[in-house]
1. Would you say residue B:219 is without any contact (Cβ under 8 Å) to a residue 24 or more places away in the chain and touching a strand residue (DSSP E or B) at 6+ places or on another chain (Cβ under 8 Å)?
2. With a cut-off of at least 1 residues that are over 19 Å from the mean Cα position of the chain (by Cα), surrounded by fewer than 21 Cβ atoms within 10 Å (Cβ to Cβ) and on the phi < 0 side of the Ramachandran plot, name the helices (runs of 4 or more DSSP H) lying wholly within the stretch A:1-95.
3. Could you check how many residues of the stretch A:96-125 are within 14 Å of chain B (Cβ to nearest Cβ) and surrounded by 14 or more Cβ atoms within 10 Å (Cβ to Cβ)?
4. From the list A:146, A:181, which residue is within 11 Å of chain B (Cβ to nearest Cβ), surrounded by 20 or more Cβ atoms within 10 Å (Cβ to Cβ) and part of a helix (DSSP H, G or I)?
5. If a residue has to be in contact with a helix residue (DSSP H, G or I) (Cβ under 8 Å, 6 or more places away or on another chain) and under 30 Å from residue A:87 (Cα atoms) to count, how many in the stretch A:260-290 make the cut?
6. Give the residue, chosen from B:189, B:205, B:179, that is in contact (Cβ under 8 Å) with a residue 24 or more places away in the chain, surrounded by 22 or more Cβ atoms within 10 Å (Cβ to Cβ) and away from every other protein chain (no Cβ under 14 Å).
7. Got at least one residue in the stretch B:98-108 being free of Cβ contacts under 8 Å to residues at least 40 places away in the same chain and buried (at least 18 other Cβ atoms within 10 Å of the Cβ)?
8. For residue A:228, work out the one condition from (1) touching a strand residue (DSSP E or B) at 6+ places or on another chain (Cβ under 6 Å); (2) within 26 Å of residue A:158 (Cβ to Cβ) it doesn't fulfil.
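The values are calculated or read from the model by the stated rules, or taken from the named source; none is laboratory data. Keep in mind the model is a prediction, meaning the values are calculated, not measured. Backbone-built Cβ (ideal geometry, glycine too); neighbour counts: all protein chains shown.
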C-alpha cells in the first residue's frame, strides 16, 4: 500500500492500513467459523442459515480488499475515469448474493415449517468413546462464530466512518448484527433439544428474513450509487453536505455570479462538475484553475472537479422522481 | 448499547433454560421414548439376510436380535410389522412405527423421511481366494464367482478387469476366487485379496425429530456394536 495513485491523505491512509489488516483477519476467522459450523451442521435449518450467513459474510471483506487494491490504479486510456467505481460493483455483487441466498433459505425454512418437519439431531463421538449429543457441539460452534464477529464489527465501524467507505460500513453493520443470528440459531438448537420441533425452522426463518433485509437494503444503496444518486454520509442517514459546501465556496468568489455543483460518489471519493456564471471574461482560465486548486484542498474526498463557465444556470427539479 | 443489553439478556435466558433442562436434553416432540419404555416398541421389519430373516415363525437375524436386546433394556415388548421398505418408512414418517430395520445402509434414500442412526456395523464385499491358494498380484483376467443380481456383480464387471462369473450362491463355490461379504471369510476359509467391491455402513431408521429416542438407541448401538461380529457368526450364512 504505497506509491501509485494516491487518493487518501496520510492520516486516512493509516486508517486504511488498519482496515486492511482487520479485513484480512476477518477472512481468516470467518473461514475457520464456516469450517467449524459445517462439521456441526446436522439437520438443523437454523444452523444452515447461520452457516450461509457466515459464508456470505466473507463477501464484504473480500470486496473491500479487492477494491482497496484496484481503485488506486491510475486512470488509463481504457478506463479514463480510473477504477474508483470498482467498490460499487463489488458492493452490487455482494448484495445480490445476499438477497438471493436469504430468499432461498427463507423459502426452505418456511416450507419445512409448513410440512411439520421434525429435525433429527443425533449423537456424535468427537473425541474418545463418549458419545455427545450433536446439539451441544452446535451451540459451541455458534458461539465461536458469533462473539468475535460482534467485536470485529465494533472495531470496523469507526474506520468505515473515517474512510467514508460504504463497503466497510456495511461489513461492520453485518458483523455487529450477527449477535441476532447467533442468538436465533442457538434458540433454534436449544428448542430442538427441548422437543420443540418448530423452533428450528422459526429461528431459521428469522435469520433468513434478516439476510433478505440486509440484501435488499444493500442492493438499494448499490443501485443508488451506480445511478449517481446524491451523495450521502456513510450510514446513508442524510445527504452529504460537501456538494453544497463546494457551491457556497464558488459563489463566495468575487468573479462568480452564480454556481451549481453536482458530485458523484465513486467508491469513497467524489468526482463531479461545477457550472459557474462568471462576471466577465477577464483572466478566466487562471481564475478557474485557482478556484479548482482551492476546492480540491477543501476535503480529501473531493478527488476531481471540472469547472465549466456557462452563460446561465438551468436548475433541475429539486425533488426528483422518488423525492428521497 | 442496546444490542449489548439484548445479547446479554438472551445469553442469560439461554443459560437459565439449559440449567433448568439439565440432562433432559434432547427431548422428543412426540414422547416416543417415554411411551416405548415399559410399553410396546413397534418395529417395521423387511427381509435382508443376515440382518433380518422372516422365514421362521418369529423374525430373526442380527438386527432383529439387536432390537430385542434394545427393547429388553427399555423393558418394552416388540411388536413386529412386516412390509416393504416403502410401506414401513411411510408408516414411520407418520409415527405409526417407532423403528424400521432390514439391512438399511447409511446411503439410504430415505434420509428426508426418517432419522437414520449412526452406523453400528460396516461390511464390505471383497474379492477373496481359498486360504491355501496364492494371492494373485492383480485380479485382471482372473475368473471371480459373484452372486448374480447384486451390486457387487456390476462393480466387478464395470470397475475391474476380472472376469465375473455369476452364480446363485457364492458360499457353495469351491477352488475359485469369489466375491463375498468380509464377515464370511473365516467361515469359508478364504483370504482377502485386498480388492474391495463395495462397502455398506449398516443403520436403522427412527421417526424424524424424536431425538431422545434416537439418542437412546444410538447409545445402545455404540455400546453393543462390538457384539455384531458374534451375531453375524451365529447366522448360518445361507
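1. yes
2. Numbers: elements: A:10-39, A:45-57, A:59-70.
Fully inside the stretch A:1-95 and qualifying: A:10-39.
3. Taking the stretch A:96-125 and keeping what is within 14 Å of chain B (Cβ to nearest Cβ), we get A:108, A:111-113, A:115-125.
Filter once more, so that each one left must be surrounded by 14 or more Cβ atoms within 10 Å (Cβ to Cβ): A:108, A:112-113, A:117-124.
Qualifying residue count, the stretch A:96-125: 11.
4. Numbers: A:181 fails: within 11 Å of chain B (Cβ to nearest Cβ).
Criteria check complete, one pass: A:146.
5. Step one: of the stretch A:260-290, the residues in contact with a helix residue (DSSP H, G or I) (Cβ under 8 Å, 6 or more places away or on another chain) are A:260-263, A:265-268, A:270, A:272, A:274, A:276, A:278.
Applying the additional criterion that residues be under 30 Å from residue A:87 (Cα atoms) yields A:260-263, A:265-268, A:270, A:272, A:274.
Number of matching residues: 11.
6. Values: B:189 fails: surrounded by 22 or more Cβ atoms within 10 Å (Cβ to Cβ); B:205 fails: away from every other protein chain (no Cβ under 14 Å).
Among B:189, B:205, B:179, only B:179 is in contact (Cβ under 8 Å) with a residue 24 or more places away in the chain, surrounded by 22 or more Cβ atoms within 10 Å (Cβ to Cβ) and away from every other protein chain (no Cβ under 14 Å).
7. Within the stretch B:98-108 (the criterion being free of Cβ contacts under 8 Å to residues at least 40 places away in the same chain and buried (at least 18 other Cβ atoms within 10 Å of the Cβ)), the answer is no, since none of the residues qualifies.
8. Residue A:228 satisfies every listed condition except (2).
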